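Since every read-out is calculated from the coordinates, none of them should be taken as a lab result. It should be emphasised that the depicted structure is a prediction, and the values quoted were computed from it without experimental measurement. Quick reminder, even Gly has a Cβ in these numbers, built from the backbone with ideal geometry, and neighbours come from all protein chains shown.
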Amino acid sequence: MAPVAYEFDRFLRHDEMSSWIESTVAANPGLASVEHYGTSHEGRPLLLVTLTDSSTGHHSTKPAMWVDANIHSVEVTGGVAALHLIHHLLTGFAAGDDKVTEALRTRTFYVAPRVNPDGVEAALADSPRHRRSSMRPWPWTDRHAWPGLVTHDVDGDGRILTMRIADPNGAWVEHPEDARLMIPVDHAAAPRGAARYRLLAEGTITDWDGFTVPTPRSPEGLDMNRNFPAGWDTSVAGSGDHPMSEPEIDALVRAVRARPNICGYNAYHTSGGFLLRPSSTKPDSKLPPEDVWTFKELGRVCTEATGYPVHSVYEDFTWDTSDTMSGAADDWAYEHLGVFSWTTEFWDAVAAATDHRSSTHIWYVGPTVEDELAVHKWADANAPGTVHPWRPFSHPQLGDIEIGGMDDFRLWTNAPPSRLRSEVAPHASFAVHQALMSPRLEILHTKADHLGDGTWRLEVGVANTGWLPAHVSSHARKHNLCLPGWVQVDGAETVGSAPRVTFGTLAGRLAFRLSGGMRSDGTPDRQLLTWVLRAAPGTVVNVTASHQRAGTVTAAVTLA
């Protein structure tokens with residue numbers, strides 16, 4: 001099957017995405033495979049692509065990086081980034097890219113490009129519906145429509161824009177430089193005596209009373225990124241019925257837990273143009289200092305490759321630290337698995353249009369008027385058709401109104417097609433970098449000495465030649481989130497000991513960076529294990545060394 005043509009310059013509906021994945025995997029049988037790890041609420045398969053060089057071992061025997069995307073329905077740039085990562089790995093391997101080749105030879109990548117296919121399909125429909133996440137009715141399972149605004153494409157143009165209603169007490173007026181931009185009446189640029197408007201998201205009003213327009217919670221109010229079992233709390237909006245109550249999250253958690261070789265995790269979202277890290281609920285002072293340092297050191301490479309700054313969710317992004325948001329994927333991966341985890345928020349329209357990045361509190365206070373005006377001007381030159389003039393519309397409840405303004409979905413939430421590929425492409429190299437920083441178990445020493453009377457002393461030296469320690473994080477070590485490694489000998493009788501023995505933690509090269517500047521390293525990354533064996537000369541003894549996260553390796557020793 002020839003790969004389906006795709007240039008990462010548009011968003012794919014579910015069937016086309018599935019066809020692209022299947023054809024891409026079919027064209028790379030030794031490097032990629034695809035499986036269904038679960039089923040969505042509406043019955044769509046949840047796809048997981050596994051990438052590794054199978055000639056150097058099964059995917060489960062190598063340290064792994066997990067990447068998923070599109071847990072939120074409208075954040076479809078993240079899904080493009082996940083598909084581009086697959087493309088980057090396969091084409092890089094074919095082209096002989098040194099880092100990609102080494103990564104696929106010694107590591108594994110698990111990529112789930114669409115965690116929430118139902119929500120994405122609704123967002124990309126000809127008549128779109130924008131929901132935060134799942135399409136399952138919640139908290140009212142009968143989908144009861146409460147009085148108030150229901151957001152949808154009311155005029156049938158395939159977009160959800162803004163409605164403006166003339167109102168002498170409205171809070172908004174036109175910007176004097178760009179009538180498409182509505183600004184607060186008390187802004188310095190607001191013309192005195194200008195016509196005032198009330199603004200509403202495009203949609204219709206259920207049980208309108210002719211005067212008020214409530215904005216009730218959506219009948220589909222779930223946020224699947226608050227449904228993970230990490231500090232799950234009913235006080236968090238959209239958290240669901242219980243941890244992992246949603247089939248998509250239940251399947252994802254089980255898929256990750258079934259792959260204990262995962263050493264790193266990244267969830268692809270939009271927007272803002274930054275890399276977020278745990279914790280969402282604790283200050284850095286409550287995390288192991290070694291882990292905070294490691295987060296920053298890993299994140300520094302992302303900033304160098306992509307320009308995206310790195311932020312702690314709690315330290316830099318939480319508006320009210322007494323009211324934190326828990327239940328997110330990155331917190332779960334760090335707190336429950338002990339791996340370094342991220343949320344990548346793709347695309348910053350402000351950074352594209354100005355010489356500065358969005359505020360870390362933009363999700364709470366929105367952009368400035370000056371930034372919005374700059375984005376309008378940038379969009380006219382680089383993303384035409386994403387900012388619309390106001391046009392009259394006869395609304396079924398409100399009567400004569402106007403619809404127009406910015407297409408948030410195509411300009412603010414997601415990168416426009418002209419910038420889509422260039423926005424996501426650099427992030428593939430960061431995924432490769434983090435994968436190559438994972439621990440890596442190797443057998444570096446074997447020796448068999450004849451003791452006489454058909455007995456032998458066998459030495460096996462194992463080492464972690466990766467950057468991270470075998471347990472990955474200090475949090476994992478402290479909370480026993482990772483089993484110890486083991487070494488087993490087969491093919492000869494052991495005397496006075498079991499064939500399989502465990503070994504303690506193996507430091508990575510990271511330990512030498514945190515040694516206070518000392519240049520006397522020692523060997524915290526190595527351990528020597530010994531057995532006494534009974535066997536005839538010429539016997540071949542097979543040695544297997546394994547660690548959940550650092551991998552599984554073998555060696556053969558001839559007793560001679």
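Listed by chain and number, the aspartates and glutamates whose C-alpha is less than 13 Å from the C-alpha of LYS377, apart from same-chain residues fewer than 8 away, are GLU177, ASP178.
What is the Cα radius of gyration of segment 441-558 over 2.2 N^0.38 Å, N being its residue count? If you can, show how the numbers build up before the last one.
Details: Rg = 16.0 Å, N = 118, 2.2 N^0.38 = 13.5 Å.
So segment 441-558 has a normalised radius of gyration of 1.18.
Any chance you could tell me what percent of the C-alpha pair distances in segment 274-360 go past 18 Å? The share of Cα pairs beyond 18 Å in segment 274-360 comes to 44 percent. Sparse packing (at most 14 other Cβ atoms within 10 Å of the Cβ) combined with a DSSP loop state is found for the following trypsin sites (Lys or Arg not before Pro) in segment 463-529: ARG519.
Residues ILE71, ILE165, ILE183, ranked from the fewest to the most other C-beta atoms within 10 Å, line up as ILE165, ILE183, ILE71. Each Cα pair under 8 Å and six or more residues apart adds its sequence gap; the mean of these over the residue count of segment 441-558 is a relative contact order of 36 percent. By the count of neighbouring beta-carbon atoms within 10 Å, fewest first, VAL495, VAL213, VAL154 end up ordered VAL495, VAL213, VAL154. For TRP342, TRP363, TRP232, TRP138, the sequence from fewest to most other C-beta atoms within 10 Å is TRP363, TRP232, TRP138, TRP342. Helix 14-26 axis versus longest C-alpha principal axis of the chain: approximately 30°, rounded to the nearest ten. About the centre of its Cα atoms, the chain shows a dipole size close to 1860 debye [charges on the beta carbon of Lys, Arg (+1) and Asp, Glu (-1) only; nearest 20 debye]. Within the chain, DSSP assigns beta bridges of which about 75% are antiparallel (rounded to the nearest 5). The HN-Hα couplings worked out from phi for segment 469-485 by the Karplus form 6.51 cos²θ - 1.76 cosθ + 1.60 (θ = phi - 60°) are x, 4, 7, 6, 10, 5, 4, 5, 5, 4, 9, 6, 8, 9, 6, x, x Hz, whole numbers, x standing for Gly and Pro.
Rounded to two decimals, the Cα-based Rg/Rh of the chain, with Kirkwood Rh, is 1.06.
Which entries in the list LYS62/LYS99; LYS62/LYS282; LYS282/LYS478; LYS99/LYS478 go over 25 Å, if you measure between the two C-alpha atoms of each? List each step's numbers first, then the result.
Working: LYS62/LYS99 16 Å; LYS62/LYS282 32 Å; LYS282/LYS478 17 Å; LYS99/LYS478 32 Å.
Among LYS62/LYS99; LYS62/LYS282; LYS282/LYS478; LYS99/LYS478, the Cα-Cα distance tops 25 Å for LYS62/LYS282; LYS99/LYS478.
Here segment 459-485 and segment 355-400 have alpha carbon centers that stand 49 Å from each other.
Label segment 369-523 by shape, choosing from rounded, prolate and oblate, from the square roots a ≥ b ≥ c of the eigenvalues of the Cα gyration tensor; if a/c is under 1.5 it is rounded, and otherwise prolate applies when a/b is larger than b/c, oblate when it is not.
Working: a/c = 4.30, a/b = 3.44, b/c = 1.25.
It comes out prolate by the Cα gyration axes.
For the chain, the longest principal axis of the alpha carbon atoms and the long axis of helix 77-95 meet at an angle near 40°.
List the GluC sites (Glu not before Pro) within segment 154-251 that DSSP assigns to loop and that have no more than 13 neighbouring Cβ atoms inside 10 Å. Display every interim value, and only then the final one.
Values: sites: GLU174, GLU177, GLU202, GLU220, GLU248; in loops: GLU177, GLU202.
Counting only loop positions with at most 13 other Cβ atoms within 10 Å, the GluC sites (Glu not before Pro) in segment 154-251 are GLU177.
With the Cα gyration tensor of segment 84-208 giving a ≥ b ≥ c as the square roots of its eigenvalues, does the rule (a/c under 1.5 for rounded; else a/b larger than b/c for prolate; else oblate) give rounded, prolate or oblate? The shape class here is oblate.
The dipole here belongs to segment 441-558: it is taken about the Cα centre, uses +1 on the Cβ of Lys and Arg and -1 on the Cβ of Asp and Glu, and is about 540 debye. When both segment 84-137 and segment 56-78 are represented by their alpha-carbon centers, they are found 7 Å apart. Rounded to the nearest 10 degrees, the inclination of helix 369-382 to the longest alpha-carbon principal axis of the chain is 80 degrees.
Between THR539 and LEU559, the built amide H atoms are under 5 Å apart, and every one of these is 5 or more places off in sequence or on another chain.
In this Cβ point-charge picture (+1 for Lys and Arg, -1 for Asp and Glu), segment 255-307 has a dipole of about 220 debye about its Cα centre. The phi-based Karplus calculation (6.51 cos²θ - 1.76 cosθ + 1.60; θ = phi - 60°) puts the 3J(HN,Hα) values of segment 419-434 at 10, 4, 5, 5, 6, 8, 4, x, 6, 5, 5, 5, 4, 5, 4, 5 Hz, whole numbers, x for Gly and Pro. Per-residue 3J(HN,Hα) values for segment 36-45, derived from phi via the Karplus relation 6.51 cos²θ - 1.76 cosθ + 1.60 with θ = phi - 60°, read 9, 9, x, 9, 6, 4, 8, x, 7, x Hz in sequence order (x marks Gly and Pro).
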